[in-house]
Amino acid sequence: MIKISVTKHYTQKLRNFILDVDLELDKHDFTAIYGPSGSGKTTLLRIIAGLTTPDKGFISVKGDVWFDSKRNINIPIQKRNIGFVFQDYALFPNMTVKENIKYAIGKNYDEKLIDYFLDMVNLKNLKNSYPDNLSGGQKQRVAIVRAIVRKPKILLLDEPFSALDKNIGEKIQDELLQIHKLLKLKTFIVSHDVRQIFKLCNKCIIIDEGKIKSHGKPSETFNLEPSKLIATDDNKKIFLENTIISHDNLEQIDENTFIARIVIKK
Amino acid sequence: MESEFISTLTVTFKLAFYTTSILLVIGLIIVYILSNDCQENKTFKKLKPLIETLVTLPIVLPPSVIGFYLLIIFSPRSKLGKLLNETFDFSLAFTFEGIVLASVFFSLPFMINPIYNAINLLPASLKEASYSLGKSRLTTFLKVQIPCIKNNIISASAITFAHTIGEFGIVLMVGGNIPNETKVASIAIYDEFESLNFTMAHKYSITLFLLSFALLLTIYFINRRISRI
């Protein structure tokens, strides 16, 4: 169980608002943090990681208190046992793929474990390459393996697929889902992509101007409830009732708009 | 004459070598302190601009100002000077150790500023990724940040070395012009020129020019090869 109840005064270039979040999540959830740009998604992720300190509040993970402003507790990021995947991958350019992963594990590394994870994401042949010689997708795979190889309590991903080609992004999403299930991780992903959220996540938080607008299953949070007008056919309005829309039928138009493709039997 | 020529060049390059080596160590320590995120330590946050200003000051101050105050601070009449003299037998004026110390102060920004700027230009996500993998700030600094800016460190060392070889004002003020002890090539050139001994002045000048050129060329060549790897 993860409990997060924090506030943080959030300053942007032209506006100020207070990030005010109160959440309880079950173990092994794959949770998406969705919202418009500048809504506080990444700040929330950084607060969980310990990279940003909230003004006040409380964070506990599986009974361990990570932050409590009243008791002056703030466990540093190094001791939170998290895995963080950055938007720019943040691979260490002075180390090869294998060295990046060895650095993450520390002194008592197991060569077979490194090979096992690299094999899982089809990177075994590139283990002696430097990050500069890898494609975006390969870098992202290394970043994910580096983050999970320490078996973290929580995996945090900050828009990990935003810079990737759609097909490669989807392949890596499959691998990520496999890793999440295999390691029974608690995963948070900041994402702008509704299709991706439906594919990966069983929980979704919609956040806007620092406040949680909606929280629950993706289908609930995106208002895909029955009787919602979502499509037209031959200029006739069609209302869907009790319809479950699979992520395969969703297509994102822009940050806030997505359409569902449906087949209507006449 | 020939032996004085060699001894002057030896003092010059010895001074540059010691200054660069000492500054490399001091510089990395100061950069480590200055590049602290200091989110928690508010006092340090306020002191940071002061430290940055003090480090950069030698660039804008005339060498004579620094030389003057160093002579005052380390004079045998001052408490510090007396203590150092009695404990370590150290004297600033007219000694090789004295010109090394003065040179270290004067060349501080040439070593620190390029390294500090390079560290600040690295993406914050690199050190944050290292922290997220459980690594301490020191481990992150030594194993991630420093190797990522090794080219800048080589360049900073080369510039500090070259700058020290050409140092004139502060060395003359603190060390005087004692052959085999504090007489460096730049002072020797001025000395020979004043004595209208143009041949000797030219000999020093061309040697200094060629050695400095060859040294910098080698360092930049190595730097370029490292950056390709």
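The values are calculated or read from the model by the stated rules, or taken from the named source; none is laboratory data. All values derive from a computational prediction rather than experimental measurement. Methodologically, a virtual Cβ is constructed for each residue, glycine included, from the backbone with ideal geometry; neighbour enumeration extends over all protein chains shown. Ligands, DNA and RNA are excluded from the accessible area calculation, which covers all protein heavy atoms including side chains. Shrake-Rupley method; radii C 1.70, N 1.55, O 1.52, S 1.80 Å.
Here are a few things to note about the model shown:
- Chain pair A, B: total accessible area buried, heavy atoms, 1.4 Å probe, Å²: 1700
- The range A:1-134, relative contact order in percent, only Cα pairs under 8 angstrom and at least six apart counted: 19
- Seen against the Cα atoms of chain B and their longest principal axis, helix B:42-60 is set at about 30 degrees.
- Just the protein heavy atoms count here, and of the accessible area of the range B:113-199 at 1.4 Å, carbon and sulfur take up 62 percent.
- Inter-chain neighbour count for A:79-86: the average number of beta-carbon atoms from partner chains within 10 Å of each residue's beta-carbon is 3.
- Among A:I205, B:T207, B:L15 - extreme Cα towards positive end, dipole of the protein assembly as shown, charges at beta-carbon: A:I205
- Residue among B:F17, B:F74, B:F110 with the largest mean-square fluctuation in a Gaussian network model of chain B, springs linking Cα atoms under 10 Å: B:F74
- Using a Förster distance of 22 Å, the FRET efficiency for B:F168-B:L121 (Cβ separation, nearest 0.05): 0.10
- Averaged over B:116-128, number of beta-carbon atoms from partner chains that fall within 10 Å: 3
- Taking Cα atoms only, the orientation of helix B:63-73 departs from the longest principal axis of chain B by about 90 degrees.
- Heavy-atom surface of the protein assembly as shown, accessible at 1.4 Å and reported per residue (Å²): 52
- Taking a ≥ b ≥ c as the square roots of the eigenvalues of the alpha carbon gyration tensor, the range B:1-142 is prolate, as a/c is not under 1.5 and a/b beats b/c.
- Other protein chain C-beta atoms within 10 Å of residue C-beta, averaged over B:137-146: 2.
- For the range B:67-170, the set of trypsin sites (Lys or Arg not before Pro) satisfying both a DSSP loop assignment and a count of at most 15 other C-beta atoms within 10 Å is given as B:R77.
- Between 0 and 90°, nearest 10: helix B:198-228 axis offset from chain B longest Cα axis: 20
- Out-of-range pairs (alpha-carbon distance over 25 Å; input A:K181/A:K203; A:K184/A:K211; A:K124/A:K171; A:K139/A:K181): A:K184/A:K211
- Computed over chain B, the per-residue total of -39500 (n - 2.57) for DSSP H runs of n ≥ 4 gives a 222 nm mean residue ellipticity of -25500 deg cm²/dmol, rounded to 500.
- Counting heavy atoms of the protein chains alone, B:M200 has an accessible area of about 20 Å² for a 1.4 Å probe.
- With a Förster radius of 22 Å applied to the C-beta separation of B:L215 and B:F5, the computed FRET efficiency comes to 0.75.
- Dipole in debye (nearest 20) - chain B, about Cα centre, beta carbon charges: Lys, Arg +1; Asp, Glu -1: 1140
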